[in-house]
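Worksheet: one structure, shown below.
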Amino acid sequence: MKNQKLLLLSLLTPLYLLGKEVEIYSSPFCGCCIKWGDYLQNNGYQVTHNKNDDFMAIKEKYKIAPQNQSCHTGVIEGYAVEGHVPLSAIDWLLENKPKDVVGISTPGMPIGSPGMEQGSTQEEYPVVLLYKNGDSKTFGIYKGDKLLQKLF
């Protein structure tokens with residue numbers, strides 16, 4: 001019995017250590033996408049980069065409207081994570097799994113967002129929820145990776 005418990009523990013431990021997985025789709029020439037992946041990896045994610053010229057296909061698959069697009073798209077647990085989305089917003093999405101939401105986005109490439117650090121310069125930016133029907137709604141306003149105001 002003791003050996004069975006040890007075997008079970010040894011099998012489950014590596015799964016726990018792997019953490020969550022993210023696949024990042026981006027242009028072969030984008031460097032900030034690597035930095036955003038590093039940010040997630042430093043926070044316990046297993047990161048896979050898919051760099052190719054057809055990175056727009058994933059945006060089409062999730063129906064991410066042009067105004068909500070950024071330079072890369074991550075996929076975590078079946079959700080699209082568009083652009084330089086802070087970890088707290090991703091965590092909220094994965095914990096709450098809101099109905100009819102396909103993902104979350106930081107539109108554009110805001111200076112100071114995760115992966116877009118430029119010294120001490122940080123601008124405020126919205127993080128938006130992306131709905132299956134193509135609509136979006138502001139989740140919150142961030143500066144750096146800190147939530148300033150939750151709107152959802």
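The values are calculated or read from the model by the stated rules, or taken from the named source; none is laboratory data. These figures come from a predicted structure and were not determined experimentally. Here the Cβ positions follow ideal geometry from the backbone for every residue, glycine too, while neighbour counts run over all protein chains shown. These area figures cover heavy atoms from the full protein model, side chains too; ligands, DNA and RNA do not enter into them. Shrake-Rupley method; radii C 1.70, N 1.55, O 1.52, S 1.80 Å.
At q = 0.09, 0.21 Å⁻¹, what log₁₀ I(q)/I(0) does the chain have when each alpha carbon counts as one equal point scatterer in the Debye sum?
Results for the chain at q = 0.09, 0.21 Å⁻¹ read -0.30, -1.36.
Which FRET efficiency value, to the nearest 0.05, is calculated for residue 52 and residue 95 with the Förster distance at 25 angstrom and r the Cβ-Cβ distance? The partial results should precede the final answer.
Numbers: r = 31 Å, r/R0 = 1.26.
According to the calculation, E is roughly 0.20.
Quickly estimate the mean residue ellipticity at 222 nm for the chain, helices only: each DSSP H run with n ≥ 4 gives -39500 (n - 2.57), and the total goes over all residues, rounded to 500.
Values: 4 runs with 43 residues, N = 152.
Rounded to the nearest 500, it is -8500 deg cm²/dmol.
Loop by DSSP (not H, G, I, E, B), at most 16 other beta-carbon atoms within 10 Å: where is the longest site-free stretch of the chain for trypsin sites (Lys or Arg not before Pro)?
Values: sites that count: 20, 63, 99, 132.
Segment 21-62 is the longest.
Would you mind working out the accessible area per residue for the range 44-123, using a 1.4 Å probe, and quoting it in Å²? Write out the running numbers ahead of the final one.
Working: 3640 Å² over 80 residues.
Accessible area per residue: 45 Å².
If amide H atoms are built 1.01 Å from N in the plane of the peptide, which residues on other chains or at least 5 residues away come under 5 Å of the amide H of residue 80?
103, 104
Taking a point 7 angstrom from the Cα of residue 34 along the C-beta vector, which residues in the range 46-73 have backbone N less than 17 Å away?
Only 47-53, 71-73 pass the distance filter.
Using the Cβ atoms and a cut-off under 11 Å, what net charge is assigned to the surroundings of residue 28, where Lys and Arg are +1 and Asp and Glu are -1? Present the calculation step by step, with values, prior to reporting the outcome.
Working: positive: 51; negative: 53, 54.
The answer is -1.
Could you pull out every one of the lysines with an alpha carbon less than 16 Å from that of residue 61, ignoring same-chain neighbours closer than 8 positions?
In chain and number order, the partners are 132.
Where the only charges are on Cβ atoms (+1 Lys, Arg; -1 Asp, Glu), what is the dipole of the chain about its Cα centre, to the nearest 20 debye? Kindly include the intermediate steps, with their values, before the conclusion.
Details: 15 positive and 16 negative charges, 101 e Å.
Using only the charged Cβ atoms, the result is roughly 480 debye.
Taking amide hydrogens as modeled 1.01 Å from N in the peptide plane, which residues meet the under 5 Å criterion relative to residue 49, leaving out close sequence neighbours?
Answer set, sorted by chain and number: 24.
Among the listed pairs 20/97; 63/143; 59/137; 35/146; 51/99; 20/150, which are separated by more than 19 Å between their Cα atoms? Mind showing how you got there, number by number?
Working: 20/97 15 Å; 63/143 26 Å; 59/137 17 Å; 35/146 17 Å; 51/99 30 Å; 20/150 24 Å.
In this structure, 63/143; 51/99; 20/150 exceed 19 Å between Cα atoms.
Using a 1.4 Å probe over the heavy atoms of the protein chains, calculate the carbon and sulfur portion of the accessible area of the range 52-127 as a whole percent.
Working: 1680 of 3400 Å².
So the carbon and sulfur contribution to the accessible surface is 49 percent.
What is the antiparallel percent of DSSP beta bridges lying wholly in the chain, to the nearest 5? Don't jump to the answer; show the numbers that get you there.
On the way: 24 of 34 bridges.
That works out to approximately 70 percent antiparallel.
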